[in-house]
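Reading through the structure tokens given below for one structure.
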Amino acid sequence: MILIFKGVVQGVGFRPTIYRVATRLGLKGYVLNTGSEVEVVVDRDVDRFIDELKKELPCIAHITEIIKEPDKRTFSDFRILHSKKGEKKSQIPPDIATCDDCRAELFDPGNRRYLFPFTNCTVCGARFSLITDVPYDRERTSMIQFPLCADCSREYKDPQNRRYHAQTISCPRCGPTYRLYDCDKKEMKSRDPIQEFARHLDQGKIGVIKSWGGMHLCCILGEVSRFREWYKRPQKAFAVMVRDIKTAETLSDLTDEERSLLLSEKRPIVLVKKKTAELVSPGLDTIGIYLPYTGLHHVLFSFLSADALVMTSANIPGEPMLLGNDEVFSLHADYYLLHNRDIPNRIDDTVVRLWQGNCFFLRKSRGFIPDALPVPYDVSVLSVGAGENICGALSADRKIFCTQYIGNSKYYGTVEFLEHSLRHLMRLFLKDERLHAVAMDRHPRYESRGVAQKIADECRIPVVEVQHHWAHAASLLVDRHVDHSVVLALDGLGYGEDGNFWGGEVLGASFETFDRVGHLEYLPLLGGDQATRDPRRLVYALFRTTGNEICFNDDEVEILEKLVKTAPLSSSLGRYLDALACYLGICTTRTYSGEPAMKLERYLAVGSPRYSLQASVKQKIVGVHDLFEQLDEQLQRPLSETVKADAAVSLVKTLMDALTDLAVEHAERSGIGTIGLTGGCSYNIPITEMVQRRVMKAGLRLLVHRNVPNGDGGIAVGQNAIAGTRCSV
Ligand SMILES: [Zn+2]
Ligand SMILES: [Zn+2]
């Protein structure tokens with residue numbers, strides 16, 4: 001019998017497992033990688049073989065389908081046959097945290113990989129970040145710089161060994177090495193550079209670590225204030241890597257689900273409820289925590305006294321993570337722990353938040369990329385995302401493959417990285433197929449459009465412009481496998497069909513078309529981007545007609561008044577949340593994107609709607625100015641923390657109820673049973689729960705994200721589905 005296994009079956013220890021099970025059962029035949037699949041022939045006991053195999057499957061292997069065909073050939077033994085060359089489309093395994101077996105070896109003084117930071121095996125280690133082409137073999141990874149020694153070579157060739165055909169294995173004799181440098185790029189001679197580096201961290205120094213997919217900056221928690229000053233990030237939340245789950249519990253309250261996601265082989269940064277360490281994420285009630293995932297992390301913590309480290313991507317804000325051993329010295333850290341292996345694919349840590357069993361990806365990257373989302377069309381489309389939190393995507397073979405997290409396209413380095421990552425996806429997954437179209441955002445100023453145009457020109461294919469919030473809605477449809485829904489698309493700013501900036505939208509959406517069913521009232525953004533950076537301008541714009549001046553002197557007011565006529569208009573919920581945070585004195589200056597709205601969340605989580613506000617909805621437009629005025633009449637300053645929380649909930653709940661009601665009415669009129677929620681504001685749990693309650697009360701079903709990022713990181717998926725559907729007609 002021939003068995004064709006589909007799924008994540010390559011580079012994950014699948015073939016040696018097949019070999020071990022087959023030989024143990026005394027079966028005859030062979031196993032063969034065919035590029036995208038694994039072909040197995042066994043002469044008898046097929047069902048028992050499959051049962052046993054499933055029991056022993058390596059943790060990251062995943063069978064999606066088994067095709068069975070009869071076979072009359074006879075064999076004298078069971079063999080692993082050599083792969084067919086040149087096959088594309090094979091599944092590329094993601095970077096997977098050091099497995100338990102490897103960890104045991106790492107701390108076994110008798111093992112030849114004792115304390116060797118690059119220890120890995122068939123089921124664990126860096127892969128995606130090291131791969132330059134397919135099929136996935138050592139010669140097409142950055143491990144080509146390190147020829148296998150005799151011992152490693154023996155392990156690699158032995159089907160009974162757990163490193164059989166593990167493409168990226170090495171040992172202290174043949175593998176990469178870490179070296180320690182000071183701030184003057186001078187190599188520091190020491191018996192053990194990792195131990196030495198740990199000592200400096202414990203003493204309060206700021207370090208840079210080269211990891212699998214990029215560089216991290218780190219310091220102990222006690223140094224976070226100095227670190228903020230030095231890194232010029234006064235408020236932005238940093239992730240914390242903790243020694244173990246016990247340490248995680250001292251910093252945060254974990255649910256069982258969060259605990260198992262932290263411990264999973266993907267090892268993402270999980271946003272969880274903060275207990276202590278306020279300075280790590282000032283003004284937020286969450287903290288991003290993760291566990292060690294590379295051999296280096298484990299060895300480092302074995303030498304450290306500290307149980308937790310601030311550990312954040314080493315980059316210039318908005319730009320991609322630094323990669324080169326030379327360029328990283330421009331950071332001016334105290335110490336650098338660098339290795340000599342190249343990083344062909346930069347990949348950031350994944351950041352995820354759990355809500356009622358759904359994964360809200362703030363950043364989908366290491367451990368999760370590449371993945372394949374099924375789509376209902378078979379044309380190949382490339383999509384480039386929007387302007388911030390960029391992520392690109394490619395469809396091929398009825399699946400969408402996303403790039404890793406790219407960054408903010410205002411920066412040249414990010415645009416280059418986007419193009420590089422898209423071309424890498426094309427190399428890995430496109431094979432000989434041709435592209436049919438390239439999709440991009442309608443915003444004329446997004447730099448990602450240049451990449452779209454360039455590739456479209458090269459391939460002589462059309463460019464499809466997709467409206468931002470329609471793309472958000474479509475990304476949710478792909479995520480939840482539905483072809484249409486009423487969708488609330490709530491975010492910062494996206495370029496609208498009428499030339500204004502949208503972001504508080506109720507859409508009736510399918511892959512073919514969309515209707516703008518309703519939206520929030522427009523607010524002038526005084527000075528355009530300036531209004532986004534300075535939330536006081538938003539508050540001024542809200543109250544200017546009532547003479548309720550906020551924080552500006554006469555000269556400033558004069559300038560702002562002049563800007564009113566030319567100000568772009570925005571219906572963005574994000575901007576109204578910023579305005580509310582500023583108005584209530586929760587956050588009056590913005591030091592990072594989304595800060596005021598994010599800082600509002602901890603108030604929304606505890607307040608109660610005790611101020612009575614009445615939303616006016618005219619021609620499907622929800623009035624907001626009026627709500628602020630109603631609130632203002634009822635508040636007496638100074639505001640206590642409780643008043644701030646109650647006021648925030650009162651206003652936001654009134655808004656969300658009105659928007660959700662518009663969505664519900666449209667759904668009922670059109671016979672649609674679901675209301676979707678997408679866009680950057682849907683990371684906000686209290687807002688998501690306000691929508692959920694209203695949708696459930698109406699007897700409809702709420703769709704939220706599970707696999708595709710809620711925010712602009714998901715835009716490329718939606719663009720792809722819309723352009724792909726159009727090209728398939
Ligand atoms: Zn391992
Ligand atoms: Zn070796």
I'd like to know if the stretch 16-32 contains one or more residues that are over 16 Å from Thr122 (Cβ atoms), at pLDDT below 90 and hydroxyl-bearing (Ser, Thr, Tyr). no
Within the stretch 149-179, the residues that are open to solvent by 20 Å² or more (accessible area, probe 1.4 Å), outside any loop (DSSP other than H, G, I, E, B) and away from ligand 1 (no atom under 13 Å from the Cβ) are Ala150, Asp151, Ser153, Arg154, Tyr156, Lys157, Tyr178, Arg179
Going through the stretch 194-249 in order, the residues found to be at positive phi and modelled with pLDDT of 95 or more are Gly204
The stretch 358-425: strands (runs of 3 or more DSSP E) wholly inside it with 1 or more residues that are closer than 24 Å to Val123 by Cβ and either out of contact with any strand residue (DSSP E or B) (no Cβ under 8 Å at 6 or more places or on another chain) or modelled with pLDDT of 90 or more (or both) are 358-363, 372-374, 399-402
The residue from Leu106, Leu130 that alone is away from ligand 1 (no atom under 11 Å from the Cβ), open to solvent by less than 10 Å² (accessible area, probe 1.4 Å), in contact (Cβ under 8 Å) with a residue 40 or more places away in the chain and out of contact with any Phe, Trp or Tyr (no Cβ under 6 Å at 6 or more places or on another chain) is Leu130
Taking the stretch 180-214 and keeping only residues that are open to solvent by less than 50 Å² (accessible area, probe 1.4 Å) and within 16 Å of Glu327 (Cα to Cα), one is left with Leu180, Tyr181, Asp182, Gly207, Val208, Ile209, Lys210, Ser211, Gly213, Gly214
Flagged pairs (Cβ under 6 angstrom, 6 or more apart or on separate chains; first in the stretch 196-209, in contact (Cβ under 8 Å) with a residue 40 or more places away in the chain; second open to solvent by 40 Å² or more (accessible area, probe 1.4 Å) and part of a loop (DSSP other than H, G, I, E, B)) are Asp202/Ser305; Lys205/Asp334; Ile206/Asp334
Among the residues of the stretch 289-307, the number that are open to solvent by 10 Å² or more (accessible area, probe 1.4 Å) and in a strand (DSSP E or B) is 0
Filter pass, Pro94 being farther than 21 Å from Val38 by Cα, in contact with a Gly (Cβ under 8 Å, 6 or more places away or on another chain) and either within 15 Å of ligand 1 (Cβ to nearest atom) or assigned to a loop (DSSP other than H, G, I, E, B) (or both):
no
(1) without any contact (Cβ under 8 Å) to a residue 40 or more places away in the chain; (2) open to solvent by less than 20 Å² (accessible area, probe 1.4 Å); (3) on the phi > 0 side of the Ramachandran plot all hold for Gly679 apart from (1)
Residues in the stretch 103-124 that are away from ligand 2 (no atom under 14 Å from the Cβ) and not in a loop (DSSP other than H, G, I, E, B) total 3
Exactly one of Leu662, Leu655 is open to solvent by less than 60 Å² (accessible area, probe 1.4 Å), at pLDDT 95 or above and out of contact with any helix residue (DSSP H, G or I) (no Cβ under 8 Å at 6 or more places or on another chain), and that one is Leu662
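The values are calculated or read from the model by the stated rules, or taken from the named source; none is laboratory data. This one's a predicted model, so the numbers in the text were calculated from it and none came from an experiment. As a convention, Cβ positions derive from the backbone with ideal geometry for all residues, glycine included, and neighbour counts pool all protein chains shown. The protein model used for the area step is the full one, side chains on, heavy atoms only, and it has no ligands, DNA or RNA in it. Shrake-Rupley method; radii C 1.70, N 1.55, O 1.52, S 1.80 Å.
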